[in-house]
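Asks: Following this message is one structure expressed as structure tokens.
The values are calculated or read from the model by the stated rules, or taken from the named source; none is laboratory data. Because the structure is predicted, anything quoted here is derived from the model rather than measured. No Cβ is skipped: glycine too gets one built from the backbone with ideal geometry, and neighbour counts run over all protein chains shown. Calculation scope for accessible area: heavy atoms of the full protein, side chains included, ligands and nucleic acids excluded. Shrake-Rupley method; radii C 1.70, N 1.55, O 1.52, S 1.80 Å.
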Amino acid sequence: MTSESAAPLLVRYDDVQVGETLPVVGFTVTRADVEDYRQSVGSPAPAAERGDAIATLHLLALTLAAITDRMPLPATCVHVGQEWSWTDEVRADAEVLVRFALMSRRTAGGSTLSAFSLHLEAGGREVASGRILLQS
């Protein structure tokens with residue numbers, strides 16, 4: 001995976017305000033990355049049948065890594081849940097853009113729940129959207 005920005009603007013998790021849209025994160029997944037992932041998880045299809053589509057879980061993991069590179073999470077933060085809707089596949093070597101925003105943040109009983117919306121684009125079209133809930 002290659003990052004689109006050599007020196008990303010870091011965002012402090014606790015400073016993000018509800019309704020704030022964070023800077024776009026971009027990355028590219030190479031054909032070699034796709035093949036390395038397939039080999040690490042085991043791919044039952046012959047190479048000729050697999051094509052160059054990026055596996056959904058691979059793309060999700062890289063998306064979350066790119067977001068946390070931009071906005072490091074506090075040590076006390078845990079992933080509570082997520083919900084995704086995928087509308088199209090992404091092929092190797094396409095630029096992937098991630099747009100994310102803080103939808104809500106609630107504090108109760110010493111814990112804070114933060115809900116972020118996420119939108120993935122590739123090739124000029126939205127390929128996925130969803131929400132992630134974090135507790136800190």
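Asks: Do we find that ASP14 is touching a Pro at 6+ places or on another chain (Cβ under 8 Å) and at pLDDT below 90 in this structure?
Replies: On the way: touching a Pro at 6+ places or on another chain (Cβ under 8 Å): yes; at pLDDT below 90: yes.
Judged against the criteria, ASP14 is a match.
Asks: Here are some residues: ALA101, ALA66. Which one is assigned to a strand (DSSP E or B) and either in contact (Cβ under 8 Å) with a residue 24 or more places away in the chain or over 13 Å from the mean Cα position of the chain (by Cα) (or both)? First the steps, then the outcome.
Replies: Details: ALA66 fails: assigned to a strand (DSSP E or B).
Residue meeting the stated conditions: ALA101.
The rows are residues; the columns are (1) closer than 20 Å to GLY19 by Cα; (2) open to solvent by 60 Å² or more (accessible area, probe 1.4 Å); (3) under 16 Å from the mean Cα position of the chain (by Cα).
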| position | (1), (2), (3) |
| --- | --- |
| VAL78 | no, yes, yes |
| GLN82 | yes, yes, yes |
| GLU89 | no, yes, yes |
| ALA115 | yes, no, yes |
| GLN135 | yes, yes, no |
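Asks: With the structure loaded, tell me whether THR107 is over 11 Å from the mean Cα position of the chain (by Cα) and not in a loop (DSSP other than H, G, I, E, B) or whether it fails that test.
Replies: yes
Asks: Output the number of the condition that PRO74 fails; it satisfies all remaining conditions of (1) open to solvent by 50 Å² or more (accessible area, probe 1.4 Å); (2) out of contact with any Gly (no Cβ under 9 Å at 6 or more places or on another chain); (3) in a loop (DSSP other than H, G, I, E, B).
Replies: Result: PRO74 passes all but (1).
Asks: So which residues in the stretch 76-103 are touching a Leu at 6+ places or on another chain (Cβ under 8 Å) and more than 30 Å from THR30 (Cβ to Cβ), if there are any at all?
Replies: To start, the set of residues in the stretch 76-103 that are touching a Leu at 6+ places or on another chain (Cβ under 8 Å) comprises 77-82, 84, 90, 96-102.
Scanning the stretch 76-103 gives VAL78, VAL80, GLY81, LEU102.
Asks: Please give the number of the condition LEU120 fails out of (1) out of contact with any strand residue (DSSP E or B) (no Cβ under 7 Å at 6 or more places or on another chain); (2) open to solvent by less than 50 Å² (accessible area, probe 1.4 Å); (3) not aromatic (Phe, Trp, Tyr).
Replies: The number of the failed condition is (1).
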